[in-house]
1. Would you mind finding the one in Lys157, Lys149 that is surrounded by fewer than 17 Cβ atoms within 10 Å (Cβ to Cβ) and modelled with pLDDT of 95 or more?
2. Does Ile136 fit the bill of being surrounded by 14 or more Cβ atoms within 10 Å (Cβ to Cβ) and more than 30 Å from Glu21 (Cα to Cα)?
3. From the list Ile103, Ile64, Ile88, exactly one residue is touching a Gly at 6+ places or on another chain (Cβ under 7 Å), within 28 Å of Ile164 (Cα to Cα) and aliphatic (A, V, I, L, M). Which is it?
4. Would you check if Asp134 is within 10 Å of ligand 1 (Cβ to nearest atom) and among the charged types (D, E, K, R)?
5. Across segment 82-102, which residue is farthest from Asp36 (Cα to Cα) among those that are touching a Leu at 6+ places or on another chain (Cβ under 7 Å) and not in a loop (DSSP other than H, G, I, E, B)?
6. Select, from Leu69, Leu56, the only residue that is in contact (Cβ under 8 Å) with a residue 24 or more places away in the chain and touching a Gly at 6+ places or on another chain (Cβ under 8 Å).
7. Filter segment 1-19 for residues that are polar (S, T, N, Q) and either buried (at least 16 other Cβ atoms within 10 Å of the Cβ) or at pLDDT below 95 (or both) and give the result.
Amino acid sequence: MKKKLIAASILSANFACLGKEVNNVLKAGVDMIHFDVMDNHYVPNLTIGPLVLKSLRKYGIKCIIDVHLMTKNVDNLIIDFAKSGADIITLHTENSNHLDRSISLIKNYGCKAGLAINPSTPLNCLDYLINKLDLILVMSVNPGFEGQKFLNYIYKKIIQIKKIINKKKKNIFLEVDGGININNINQVAISGADILVIGSAIFKSTLSYNDIVKNMKLKLNKVFKKDNYKKL
Ligand code: DX5
Ligand code: ZN
């Protein structure tokens, strides 16, 4: 079983001092940074582009950065984000006209490729693409905003996707994004998530970043160090 990883979604960070915010959550113990890109067309919100990623790299951020593309016209952005320092680029099934081509483009530019699945997206989108994927991102909220409530019917979907991945016997990470907090983190992880994307529950916590991340990790460790979870 893979180690459970926490990816901090910078959508909830203070953009006036983004470099420091990223450094602080990394020091607090998060494993990677999740970089939400929105264009006000694919989703009704507007965020950040490749220039911001480039600036973070220039500032000295060396961790894994996972770019979650919630935009239309992804192909030019794939190239720009790869050149700006992305490690993983994740697309939605709905935002590329030719998904197979876009996934190949990500790989040709040396990044890991992810496919994001919206709450209402059926799983047959994986049938022909799974062999090319390094990561599957399950959306547990509708994409567009931080601070939404986790949709409980998505647990079933996480379990189903984990089974599909296990059958393939391929090293594909299962990432879950939206509405994760200290109260549901273990249920999401037990359902099969390898990477837990967490935004507001870290950046908007009343606790310090150190304390909230430490508490989340302690909670995960309580469950995942026990032998019975080897069966999952
Ligand atoms: C939603 C984004 C998420 C979101 C997570 O479209 O993809 O990454 O920012 O934020 P929380 O953890 O607040 O749901
Ligand atoms: Zn995201």
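The values are calculated or read from the model by the stated rules, or taken from the named source; none is laboratory data. Everything numeric here is computed off the predicted structure, so don't read it as measured data. Methodologically, a virtual Cβ is constructed for each residue, glycine included, from the backbone with ideal geometry; neighbour enumeration extends over all protein chains shown. Heavy atoms of the whole protein, side chains included, go into the accessibility calculation; ligands, DNA and RNA do not. Shrake-Rupley method; radii C 1.70, N 1.55, O 1.52, S 1.80 Å.
1. Exactly one residue qualifies, and that residue is Lys149.
2. Values: surrounded by 14 or more Cβ atoms within 10 Å (Cβ to Cβ): yes; more than 30 Å from Glu21 (Cα to Cα): no.
So Ile136 does not fit the description; no.
3. It is Ile88.
4. no
5. Residue satisfying both the conditions and the ranking: Asp100.
6. Details: Leu69 fails: touching a Gly at 6+ places or on another chain (Cβ under 8 Å).
Going through Leu69, Leu56 in turn, the sole match is Leu56.
7. Ser9, Ser12
Every residue, every condition in (1) away from ligand 2 (no atom under 16 Å from the Cβ); (2) among the polar types (S, T, N, Q); (3) more than 16 Å from Ala8 (Cα to Cα); (4) touching a residue at least 40 places away in the same chain (Cβ under 8 Å), yes or no:
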position	(1), (2), (3), (4)
Ala113	no, no, yes, no
Asp134	yes, no, yes, yes
Lys162	yes, no, yes, no
Lys168	yes, no, yes, no
Ala201	no, no, no, no
Ser205	yes, yes, no, no
